[in-house]
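Below you'll find the structure, written out as structure tokens, and then a few comments.
Just so it is clear, none of the values below were taken in a lab; they were calculated from the coordinates. Please read all numbers here as calculations on a predicted model, not as lab measurements. Neighbour counts run over all protein chains shown; Cβ positions are idealised from the backbone, glycine included.
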Amino acid sequence: MNHSVNLADLGRRVRAARLARRLTLEEVVSRTDFTVSWLSKLENGLLAPSLEGLVRLAQVLECGVDSLVEGLSIPPQYVVVKRGNGTVGSGRAGVVHETLADQWRDRRMQPAILHISSNGNRRQPESHDGERFLFVLEGEVKVAYGEEQILLGTGDSLYLHAAIPHAVAAAGRGGAKVLSVSYDTALAAPSRSGPRGRAGAGNGVAAGKKAGRTRA
């Protein structure tokens, strides 16, 4: 069985099911290939049973496996995605999304690598309540942000209010690759601290090498 199950709660459910049927440890193991030590460790949350073992135990206790494990899964503490192993999905207008944290359920951020082809220059603006971070890994991109056109080269980044309609397109013939991390406030609790100043055209802050900016 996957160790992401809360073993302490699983053990308590097994003990409760056994006591509800007025069975001793010895009576349970006499009907299986288990030992008293094995069952005792399981009931005390010190052992992760195999799926086969849990199925056999549920049969003896006359209860379903689901009744023992439902709701006991523990969310991961971290997710590792090796290079090229992201989940690739077809995007709009020449953009392919490679998402990087699909294994983390109910995540509050949406990290992805955008593979933008040179013909992906007719994207419709998108928006959502929250924030977004873009970092150009390869090539050049043009970000249409409100009434502005922001040019970013390799190594440049942009942090923006995602509620303002924006679109990302390749600025060169060779396409581009962009790391995108979106934060949607609809999926998370309100932030303790808000951004400085009001979002809007002409209210950007640049750090390090100056990124190109032109009025549309």
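All other residues with a Cβ under 9 Å from the Cβ of L61 taken together, and with Lys, Arg as +1 and Asp, Glu as -1, what is their net charge?
Charge balance near L61 sits at +1.
Expressed in nm², what is the orientationally averaged projection area of the convex hull enclosing the Cα positions of segment 87-187?
Numbers: hull surface 23.2 nm².
It is 5.8 nm².
Count charges around L72 for me, please; just the other residues with Cβ under 13 Å from its Cβ, Lys/Arg as +1, Asp/Glu as -1.
Numbers: positive: R12, R13; negative: D9, D66, E70.
Around L72, the charge tally is -1.
Pick out, from L151, S117, V181, the residue whose Cα sits farthest towards the positive end of the charge dipole of segment 87-187, with +1 on the Cβ of Lys and Arg and -1 on the Cβ of Asp and Glu.
S117
Take the Cα coordinates of segment 7-69, assign each an equal point scatterer, and use the Debye formula without solvent to give log10 I(q)/I(0) at q = 0.18, 0.19, 0.23 Å⁻¹.
So the normalised log intensities are -0.52, -0.59, -0.92.
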